[in-house]
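Let me begin by presenting the structure, written as structure tokens, before commenting on it.
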Amino acid sequence: MASRIPLPYSKIVFELFKNPKNLGKMEDANAKASAGSLACGDVIAIYLKVNEKTQVIEKATFESYGCAANIAAASLLTEMVKGKKLEEAWKVSWKELSEKLGGLPRIKYHCSVLAVGAFRRAVRNYFKGKERPSWLPDELTPEEKQALEEEELAKRLSEGTAG
Amino acid sequence: MERDIARSVRELLEAHGRPKREVYLDLENVGLVLPEVVEYVIDYFRNKAIGHPAITHRPGWEAYEAVAEASEKIAKAIGASPSEVAFTHSGTEANNLAILGAAKANKKSGKKVVVSSVEHMSVLLPAEELEKTGFEVVKVPVDREGFVKPEALEGAVDRSTVLVSVALVNHEIGTVQRLKELVEVAKDRNPNVIFHTDAADALNKVEVSVERLGVDLATFSSHKVYAPRGAGALYVREGVKVERVVYGPLSSQVLWPGVENVPAIAAFGRAVELGQAKFDEHVSKMKRLRDALTRGIMERVPHVLLNGPKGDGRAPDNVNLSFLYCEGEALTIELSTYGVYVSSGSACTTRILEPSHVLLAIGRKREEAHGSLLMKVWPLHSEEDVEYVLEVLPKAVERIRGISVEKPEA
């Protein structure tokens, strides 16, 4: 087995793992995105139903290939963004998500980074072909960058050019 | 800010609760102790367990007697002499002693070390340490079942090779190497080569005769023979040079300083003795359970791959399966809620998750390795235990697959 470090998952992570909220693909989503890679062992997909007029996220769901923290992070993220306007929801950070999960162990930080990264990608996808609002930064945020880095590394690992 | 870890774990355990039925299959990591050995240890702690084996008084001699008896029992099981058995505090320490100690003591005869690519981390990491001090380390590849090909070893061993290390039984996928042949090939290439085998997963499960195998060094571990954790042993063939790699006051063990864990060593010897006495019975029972578990899972759950060989080439206790479209750590936790305890070849411990090196070495894709579960049966598991696992495992896999982004085609 690869190296293991004791993982004191919080009770919140465990409960969300057992009974995830907002699980599953959303057929009528008008924004979706995923982040991560199977080769790296974690992928999060986020589906959003955004009210075109009010810009409020009416529904948010997820799917996750990953550990319990990954599942819990994706699930809690959907709870946190649901009912918010896109502009407000965009501000949810990986740190805030980690704290709400009862403080993820350091080695699990990437789970909340990935959840936020997938969500922000979905938001960007929503605005594709639409006018970009002023609050949406042109440049990728750290969470999006990190998701991208992981995917690129996964690609190199699968091609056998790294690690 | 440091989290209150003890409280956090307590809350987690309370939320988890204690399942009504429990089947512990994580014997790779550590676990079950034979009831006779538990009694033996309790008795030892009640009545002895106070002496230091190197001190000249009655309790000291009692402790020394316990260590000497344990070395006799282990020596008898492997066909060695008691003076050829050195105790450490774990199998990891014994592997470190073998790799670092043999390389250090024999560096004049060469600075090349050859290991297989599927060795335990306690062999691979010391080998990597040697690399930093000027040794060349060659990792020999294995085939898709985990066997080291004699030709590959032949190509890797040369005159400058000081040490070769290949485990008799692979700890993850249960491959029983044709070790005698590998030792012959290595020694044909270079008669001075020292051949080490990590036999921790072999003892009491397959025949281990150091004479027949022709090995010079062999590692054993107490918890792998169903004694408590806390003792390891290294067989060192008479005349083979190994140097200490840890320093401190010596007790009865010249190769490993510090106070011996005498109760664990005594229990280690007792467990080896018991396992030898019931060898045939235990092995055939484990094989039956292993096959029932493997076959049962593969019949009930679609998209499952068996990792490692089938039949006689596989250790009697080892079940290692990859569940596609399923992440192993999540599955481990899900099974835990059912009271079924296993481990996974996926370890979600960094941003980039590094799956089992053994599974990658046999050609598994990363996503196949991430979905792997390692289960080991022991002689005291029952048919009912297997039935319970077969009842709950399909449900656990189905739920985790239901969460997954990637799903099998309907």
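The values are calculated or read from the model by the stated rules, or taken from the named source; none is laboratory data. Quantities reported herein were computed from a predicted structural model and do not represent experimental measurements. All Cβ positions, glycine included, derive from the backbone under ideal geometry; neighbour counts span all protein chains shown. Calculation scope for accessible area: heavy atoms of the full protein, side chains included, ligands and nucleic acids excluded. Shrake-Rupley method; radii C 1.70, N 1.55, O 1.52, S 1.80 Å.
Going by the alpha-carbon gyration tensor, a ≥ b ≥ c the square roots of its eigenvalues, is chain B rounded (a/c under 1.5) or, if a/c is not under 1.5, prolate (a/b greater than b/c) versus oblate? Mind dumping the intermediate values first?
Numbers: a/c = 1.71, a/b = 1.25, b/c = 1.36.
In terms of gyration-tensor shape, oblate.
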Checklist entry - Using the alpha-carbon atoms, what tilt in degrees (0 to 90, nearest 10) does helix B:383-403 show relative to the longest principal axis of chain B? => result 60 degrees
Checklist outcome for this item: Log entry, pair A-B: total buried accessible area, probe 1.4 Å, protein chains only, in Å² rounded to 100, is 3700 Å²
Checklist entry - In the structure shown, do any of A:LYS32/A:LYS82; B:LYS73/B:LYS241; A:LYS25/A:LYS130 have a Cα-Cα gap over 18 Å, and if so which? => result B:LYS73/B:LYS241; A:LYS25/A:LYS130
Checklist entry - Each label point is 7 Å from the Cα along the Cα-to-Cβ direction; what then is the distance between the points at B:GLU184 and A:LYS21, in nm? => result 6.7 nm
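Which entries in B:LYS20/B:LYS278; B:LYS111/B:LYS149; B:LYS108/B:LYS180 show an alpha-carbon gap greater than 28 Å? Kindly include the intermediate steps, with their values, before the conclusion.
On the way: B:LYS20/B:LYS278 31 Å; B:LYS111/B:LYS149 23 Å; B:LYS108/B:LYS180 26 Å.
Over 28 Å Cα-Cα: B:LYS20/B:LYS278.
In whole percent, what relative contact order does the stretch B:37-277 give with Cα contacts below 8 Å and a gap of six or more residues? Numbers along the way, then the final one.
Numbers: 509 pairs, mean separation 65.6, N = 241.
Normalised by residue count, the contact order of the stretch B:37-277 is 27 percent.
For the stretch A:113-163, which trypsin sites (Lys or Arg not before Pro) are both in a DSSP coil and crowded by at most 10 other Cβ atoms within 10 Å?
A:LYS128, A:LYS130
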Checklist entry - Each label point is 7 Å from the Cα along the Cα-to-Cβ direction; what then is the distance between the points at B:SER382 and B:SER284, in nm? => result 2.1 nm
Item to check | Stretchable slack from B:THR133 to B:LYS365, in nm (0.36 nm times residue separation minus alpha-carbon distance) | outcome: 80.2 nm
Checklist entry - Local charge sum around B:VAL118 (other residues, Cβ-Cβ under 13 Å, Lys/Arg +1, Asp/Glu -1)? => result -2
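Can you give the alpha-carbon Rg of the protein assembly as shown over 2.2 N^0.38 Å, where N counts its residues? Could you put the intermediate results ahead of the total?
Details: Rg = 26.3 Å, N = 573, 2.2 N^0.38 = 24.6 Å.
Ratio of Rg to 2.2 N^0.38 Å for the protein assembly as shown: 1.07.
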Next on the checklist: Expected output is a single nm value to one decimal: the length gained when fully extending between B:SER109 and B:TYR247, i.e. 0.36 nm times separation in residues minus the C-alpha distance. What is it?
Outcome noted: 47.3 nm
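On the protein heavy atoms, probe 1.4 angstrom, tell me the percent of accessible surface of the protein assembly as shown carried by carbon and sulfur. Present the calculation step by step, with values, prior to reporting the outcome.
Working: 12470 of 24270 Å².
In the protein assembly as shown, the share of accessible area belonging to carbon and sulfur is 51 percent.
Would you mind finding the longest exposed-site-free stretch of chain B, with exposed GluC sites (Glu not before Pro) meaning DSSP loop and at most 13 other Cβ atoms within 10 Å?
Working: sites that count: B:GLU2, B:GLU22, B:GLU238, B:GLU409.
That would be B:23-237.
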Checklist entry - What's the local net charge at B:GLY363, with K and R +1, D and E -1, over the other residues with C-beta under 12 Å away? => result +1
Checklist outcome for this item: Looking only at aspartates and glutamates whose Cα falls under 17 Å of A:LYS18's and that sit 8 or more positions away or on another chain, we get A:GLU63, A:GLU79, B:GLU11, B:GLU14, B:GLU327, B:GLU329, B:GLU334, B:GLU398
Checklist entry - Given labels modelled 7 Å from the Cα in the Cβ direction, how far is it in nm from B:ASP312 to A:LYS91? => result 7.2 nm
Checklist entry - Once the Cα atoms of helix B:121-132 and of chain B are each reduced to a long axis, what angle between those two axes, in degrees from 0 to 90 to the nearest 10, is obtained? => result 60 degrees
Item to check | Relative contact order of the stretch B:266-373, defined on C-alpha pairs under 8 angstrom at six or more residues apart (%) | outcome: 23 percent
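Among the GluC sites (Glu not before Pro) within the stretch A:58-163, which fall in a DSSP loop and have no more than 12 other Cβ atoms within 10 Å of their own Cβ? Don't skip to the answer; put the middle values down first.
On the way: sites: A:GLU58, A:GLU63, A:GLU79, A:GLU87, A:GLU88, A:GLU96, A:GLU99, A:GLU131, A:GLU139, A:GLU143, A:GLU144, A:GLU149, A:GLU150, A:GLU151, A:GLU152, A:GLU159; in loops: A:GLU131, A:GLU139.
Within the stretch A:58-163, the qualifying GluC sites (Glu not before Pro) (loop, at most 12 other Cβ atoms within 10 Å) are A:GLU131, A:GLU139.
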Checklist entry - Which entries in A:LYS21/A:LYS108; A:LYS53/A:LYS145; B:LYS187/B:LYS287 show an alpha-carbon gap greater than 27 Å? => result A:LYS53/A:LYS145; B:LYS187/B:LYS287
Checklist outcome for this item: For chain B, averaging the sequence separation of alpha carbon pairs under 8 Å that lie six or more residues apart and dividing by its residue count, the contact order in percent is 21 percent
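Calculate, in nm to one decimal, what A:PHE127 and A:ARG156 gain on full extension: separation in residues at 0.36 nm each, minus their alpha carbon distance.
7.4 nm is the gain from fully extending A:PHE127 to A:ARG156.
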Checklist entry - Using alpha-carbon positions, what is the distance between the centroids of the stretch A:104-122 and the stretch B:170-199, in Å? => result 45 Å
Checklist outcome for this item: Taking placed amide H atoms and a strict 5 Å upper bound, the residues 5 or more places from B:VAL340 or on another chain that come that close are B:VAL23
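Among the complete DSSP H segments of chain A, which ones combine at least 24 Å of alpha-carbon extent along their axis with a mean Kyte-Doolittle hydropathy of -1.0 or more?
Working: long enough: A:109-127 (28 Å, 0.31); A:142-159 (26 Å, -1.54).
Correct list, ordered by number: A:109-127.
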Checklist entry - If you line up the long axis of helix B:58-78 against the longest principal axis of chain B, both from Cα atoms, how many degrees apart are they, to the nearest 10? => result 70 degrees
